[in-house]
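The structure appears right after this line, and notes come after that.
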């Protein structure tokens, strides 16, 4: 099976802009989770979608949002970007339980 | 809330030396998972431990789950340069997997 794919791989934005990241899970996986990874904070859970519904949400401001489509593909949106949003954004899919299969990530730089 | 702590944060070894990273949870875990992230890469699932006292081996890697199911360890015997990366443990929280901050392993030839 093909792995989790994420687009774009790299992104440069300026403060105040918004960004949309995309994730395609492993075929058959209905759960998609998003994580933010920074050197100082490690892997932080953003949210999880399952069958087009947000099932769980981490402790991030409302500027971070997401959605999932009927084919399980997911998008994550960050509005009004701040310098501190610079990070590697990882998407992970899961078929059951908690085992996460991560995509390559999107490296976001906010200038 | 539940927290997963990992030590050490960094470890630098000579090739051929052993390496161990430890993971401790503030609460009892139903299971614990281990992931490896190579430099510039993404986390890759290594293994899941479920039973109290469980020990699993993958070649030179030995994973243990504590009797109380609140701690775990990953031991690498005779490290190689291919072992370089960050090793994360993760335990299920109330709504998501809680990842430790990882142990970054550097192996010098």
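The values are calculated or read from the model by the stated rules, or taken from the named source; none is laboratory data. Quantities reported herein were computed from a predicted structural model and do not represent experimental measurements. We place every Cβ from the backbone using ideal geometry, glycine too, and count neighbours over all the protein chains shown.
In a residue-by-residue description of the stretch B:45-55, the property of being crowded, with 16+ Cβ neighbours inside 10 Å, in a loop (DSSP other than H, G, I, E, B) and away from every other protein chain (no Cβ under 14 Å) applies to at least one position. Among residues of the stretch B:38-62 that are farther than 13 Å from residue B:72 by Cα, those with a beta-carbon under 6 Å from a residue that is modelled with pLDDT under 95 and surrounded by 16 or more Cβ atoms within 10 Å (Cβ to Cβ) at least six positions away or on a different chain give the pairs B:45/A:99.
Restricting to the stretch B:60-84, name every residue that is part of a loop (DSSP other than H, G, I, E, B) and either under 21 Å from residue A:99 (Cα atoms) or within 14 Å of another protein chain (Cβ to nearest Cβ) (or both).
To start, the set of residues in the stretch B:60-84 that are part of a loop (DSSP other than H, G, I, E, B) comprises B:60, B:66-70, B:77-80, B:84.
Once the filter is applied, which keeps residues that are part of a loop (DSSP other than H, G, I, E, B) and either under 21 Å from residue A:99 (Cα atoms) or within 14 Å of another protein chain (Cβ to nearest Cβ) (or both), the stretch B:60-84 yields B:66, B:69, B:70.
Here residue A:40 fulfils each of the conditions (1) under 25 Å from residue B:30 (Cβ atoms); (2) over 15 Å from the mean Cα position of the chain (by Cα); (3) within 14 Å of chain B (Cβ to nearest Cβ); (4) surrounded by fewer than 16 Cβ atoms within 10 Å (Cβ to Cβ) apart from (1). Looking across the stretch B:31-58, the residues that are more than 14 Å from the chain's Cα centre (by Cα) and under 21 Å from residue A:42 (Cβ atoms) come down to B:39, B:40, B:41, B:42.
Across the stretch B:30-44, the qualifying residues are those that are assigned to a strand (DSSP E or B) and more than 9 Å from every other protein chain (Cβ to nearest Cβ), and the one among them that is surrounded by the fewest Cβ atoms within 10 Å (Cβ to Cβ) is B:36. Residue B:52 falls short of the stated requirement of being modelled with pLDDT under 95 and out of contact with any strand residue (DSSP E or B) (no Cβ under 6 Å at 6 or more places or on another chain).
Taken as a whole, the structure places residue A:83 among residues that are within 19 Å of residue A:10 (Cα to Cα) and touching a residue at least 60 places away in the same chain (Cβ under 8 Å). Reported count of residues in the stretch B:85-109, each being away from chain A (no Cβ under 14 Å), part of a loop (DSSP other than H, G, I, E, B) and under 13 Å from the mean Cα position of the chain (by Cα), is 0. Looking only at the stretch A:65-111, residues that are within 15 Å of the chain's Cα centre (by Cα), within 14 Å of chain B (Cβ to nearest Cβ) and more than 24 Å from residue B:38 (Cα to Cα) come to 1 in all.
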